[in-house]
Amino acid sequence: MKKLLVFIILIAGGYFAYQYLLKDKTVLEINADKSINTQNSMDIDAPALSSSRFGKVQGTVTNVSDNTVTNIVLNYKLNAQPVEARIDQLEPGETKNFSTTSVRLSHQEVTFFLENMSYE
């Protein structure tokens, strides 16, 4: 019985040591979604062409740490095309909106993911 109790205490101690000492703290919380725009040609003499579709990633970034974060760069892939958003500075607890550059979409299905995030 004592061995089981010592084993449980060791497991609990290891878990708390990992959570509070070894695990990286979250600095930025990112909520993003894609935005798709369609542009149609309005020339009456032009042949009927398909509309152009453009997309970008936009959302919010929140600083959840206790320090000021500067030079935030968010690199996304939007349909395998790189797009980027930059934020100069975030104070602790501050939330800012961001929007990436717009790219022309060639596929109907639009996917995106955060490829890389850097900050100082």
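The values are calculated or read from the model by the stated rules, or taken from the named source; none is laboratory data. The structure displayed is predicted, hence computed values, not measured ones. Every residue, glycine among them, receives a Cβ derived from its backbone with ideal geometry; neighbour counts consider all protein chains shown.
Points to keep in mind about this one:
- Selection status of Thr95, more than 18 Å from Ile36 (Cβ to Cβ) and either modelled with pLDDT of 90 or more or not aromatic (Phe, Trp, Tyr) (or both): yes
- Of all residues assigned to the stretch 98-109, none qualifies as being over 17 Å from Lys34 (Cα atoms) and surrounded by 12 or more Cβ atoms within 10 Å (Cβ to Cβ).
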